[in-house]
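Worksheet for the structure shown next.
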Amino acid sequence: MTYLSLYRRWRSQSFDEVVGQSHIVRTLKNSLNSGRISHAYLFSGPRGTGKTTLARLFAKGLNCVEGPTADFCGECPRCVGITQGNFLDVIEIDGASNRGIEEIRKLREQVQYAPVDGLYKVYIIDEVHMLTQDAFNALLKTLEEPPERVVFILATTDPQKIPTTILSRCQRYDFKRFPAEDIVNHLQYVLSKEGVVPEPEALEIIAEQADGGMRDALSIVDQCLAYSDHLSVEAVSTVLGVATRDRIIGFLQALDRRDGAELFKQIQDLYLDGKSLSQFVRDVLAFLRRAVTNETTLPDIGINWSNDRLLQVMAAFSECERDMRYVKDNNIPLELAVLHLIQPESPLEKLQERIDALEKKVRQLEQTGIRVADIAVQPKREEKQTPKVQFSPVNNDPDKLKTIQAHWQDYLKMLRNERLIQPEAFLREGYPVGLEGDQVIIGFPQGRGFHKASIEQDKHREPAERAMAKMFGFPLKIKCIMSDLKQQPEAVVGDAAPEPAENGEQPEQEYNEAVDAALKIFGGKVIKIKDD
């Protein structure tokens, strides 16, 4: 006898045997028992969720000798013919291979004939979304007003591609994916009837890989039993090319230790063993998703990650899975994700860990009956702030100018402390020589045109003005001029200012302004200047 696959051998033969989809089963049974039979139904949902099975069961309920009834006998010639697929009044059409207008025109001609042997003529069109637009248009009128005793059942995995004119003429039923628990229970029932004792963890792996489809789960079981009579974790992992749970746990533990050598070794071992790295990343993400819903998943394997760390790891592997679709070598995105995750902790991460630790201690104290509010708290040490210069009440520009000149060095130090290195280097070459309203006139000696032009740029001038307002207590603007002074006053000359010559004249520059500006900004000394 020819071998029959598990999903065909264990296809539900009555409404009571259907696993899941209880909302659809109840509606169809009530429709059969009450006689409220619609002329068109649309079954939509993922693959392997029972669309074709329920369509055949509904056809049995319509054509059974005792029907229409939800409790059809399953033994009469009509029910047996539908089960075997040779009943003339139940026509199954593959929409993917009969998608043209000519096929639909033939269907319209056949619809006009009365049922041959049954009570209803049932057309089951699978993957109906594959029909062309012209074919849908040809089907529209027949679907809206079919002859008496004709029922259309349209099945699809992509209802978005079906025209709204077709959808509006059908009763729509949306099939749900099977939960992993339901798949495991049904597989245990089927395997017990087959005389196979599986490992529970092996069934869990199959349920995860089935992606909510019962037919896919039974097909995987068939494939694994062909590989080995014993349905073990090793056999399932080998057949599907997935990593075992122990490997996933070992990988996450190495990630928790930030052990780069061990992580790269595990990736290489997975590659050499023929495992799919993209599937491994999906399995890791599935494990972490369970950790989100079950707080004991990670602590049970010795990992104590904060929510932020868990989110960071999941985001990195999600991005890795997306990148793997566009590269030939899947090792690279996974190794990059690992390198990103094992980097030393940033100050923010360390601060978050300290906050989490403090919150944990607070909860422990509260559990012992100690109120944190009653604990004496040391006053916070005041941070050192930049002192503000207080002006005299008299609104006298000369007095203000003298105050600014007296604190000019303090202002330059303030710029450096606030990491405004470039504005400080440029302004060090100038000196406040006047005050016009809220404008401080900064004079630059001859030969310092580069510094004057640089500080006049908005990106340097504006932060310098904000620092000046913070220093002196009210808004001040900077206005730059070229001064006829050959040298700044002695009180404000910087460390790198050239010493005057013996005759009192400014010594001649040994290098150009660009080199001089670089020395002021970055420090250092000139060893040799190469002439062009």
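If you go through region 210-229 and pick out every residue that is open to solvent by 50 Å² or more (accessible area, probe 1.4 Å) and in a helix (DSSP H, G or I), you end up with 4. Within region 34-51, the set of residues being closer than 19 Å to A114 by Cα and either open to solvent by 10 Å² or more (accessible area, probe 1.4 Å) or among the aromatic types (F, W, Y) (or both) comprises I37, S38, H39.
Restricting region 107-119 to residues that are open to solvent by 30 Å² or more (accessible area, probe 1.4 Å) and either in a loop (DSSP other than H, G, I, E, B) or polar (S, T, N, Q) (or both), which is nearest to P77 (Cα to Cα)? This residue is D117.
Checking E148, E127 one by one, the residue that is over 37 Å from the mean Cα position of the chain (by Cα) and either open to solvent by less than 50 Å² (accessible area, probe 1.4 Å) or within 27 Å of I82 (Cβ to Cβ) (or both) is E148 and no other.
Residues are listed down the side, and each one gets a yes or a no for (1) within 22 Å of E181 (Cα to Cα); (2) of a type in the set (D, E):
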position: G195; (1), (2): yes, no
position: L203; (1), (2): yes, no
position: K275; (1), (2): no, no
position: D283; (1), (2): yes, yes
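Of all residues in region 309-361, those being at pLDDT below 85 and assigned to a helix (DSSP H, G or I) number 15. Within region 425-447, track down each residue that is part of a loop (DSSP other than H, G, I, E, B) and touching a Ser or Thr at 6+ places or on another chain (Cβ under 9 Å). Result: G430, P445, Q446. Filtered by the rule that a residue be without any contact (Cβ under 8 Å) to a residue 12 or more places away in the chain and assigned to a helix (DSSP H, G or I), region 449-465 gives A453, D458, K459, E462.
Quick check: is even one residue across region 83-93 assigned to a helix (DSSP H, G or I), among the hydroxyl-bearing types (S, T, Y) and in contact (Cβ under 8 Å) with a residue 12 or more places away in the chain?
For region 83-93, residues assigned to a helix (DSSP H, G or I), among the hydroxyl-bearing types (S, T, Y) and in contact (Cβ under 8 Å) with a residue 12 or more places away in the chain: present.
Among the numbered conditions (1) without any contact (Cβ under 8 Å) to a residue 40 or more places away in the chain; (2) open to solvent by less than 50 Å² (accessible area, probe 1.4 Å); (3) of a type in the set (A, V, I, L, M); (4) not in a helix (DSSP H, G or I), the only one that I104 does not meet is (4).
Table: residues versus (1) among the hydroxyl-bearing types (S, T, Y); (2) at pLDDT 90 or above; (3) over 23 Å from R416 (Cα atoms); (4) within 50 Å of the chain's Cα centre (by Cα).
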| site | (1), (2), (3), (4) |
| --- | --- |
| D438 | no, no, yes, no |
| G449 | no, no, no, no |
| A453 | no, no, no, yes |
| K470 | no, no, no, yes |
| G473 | no, no, no, yes |
| E490 | no, no, no, no |
| P498 | no, no, no, no |
| G504 | no, no, yes, no |
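Within the option set E148, E194, E201, being free of Cβ contacts under 8 Å to residues at least 60 places away in the same chain, in contact with a helix residue (DSSP H, G or I) (Cβ under 8 Å, 6 or more places away or on another chain) and among the charged types (D, E, K, R) holds for one residue only, E201. Restricting E456, E429, E418, E436 to residues that are open to solvent by less than 30 Å² (accessible area, probe 1.4 Å) and of a type in the set (D, E, K, R) narrows the list to E429.
Consider T83 carefully, then state whether it is hydroxyl-bearing (S, T, Y) and farther than 26 Å from L167 by Cα. Yes. Screening A373 on (1) at pLDDT below 85; (2) outside any helix (DSSP H, G or I); (3) loosely packed, with under 11 Cβ neighbours inside 10 Å shows it passes everything except condition (2). The residues of region 302-311 that are surrounded by fewer than 17 Cβ atoms within 10 Å (Cβ to Cβ) and under 11 Å from Q253 (Cα atoms), listed by number, are G302, N304. Pairs meeting the criteria (first residue in region 56-75 and under 16 Å from R26 (Cβ atoms), second residue modelled with pLDDT under 90 and assigned to a loop (DSSP other than H, G, I, E, B), beta carbons under 6 Å, at least 6 apart or on different chains) are G61/G67.
Is it fair to say L154 is of a type in the set (A, V, I, L, M, F, W, C), assigned to a helix (DSSP H, G or I) and at negative phi? No.
Any idea which of L88, L143, L54 is of a type outside the set (D, E, K, R), open to solvent by 40 Å² or more (accessible area, probe 1.4 Å) and in contact with a helix residue (DSSP H, G or I) (Cβ under 9 Å, 6 or more places away or on another chain)? From the options L88, L143, L54, the qualifying one is L88.
The values are calculated or read from the model by the stated rules, or taken from the named source; none is laboratory data. Predicted, not measured: the structure shown is a model, and the values here were computed from it. As a convention, Cβ positions derive from the backbone with ideal geometry for all residues, glycine included, and neighbour counts pool all protein chains shown. The area values use the complete protein model at the heavy-atom level, side chains included, leaving out ligands, DNA and RNA. Shrake-Rupley method; radii C 1.70, N 1.55, O 1.52, S 1.80 Å.
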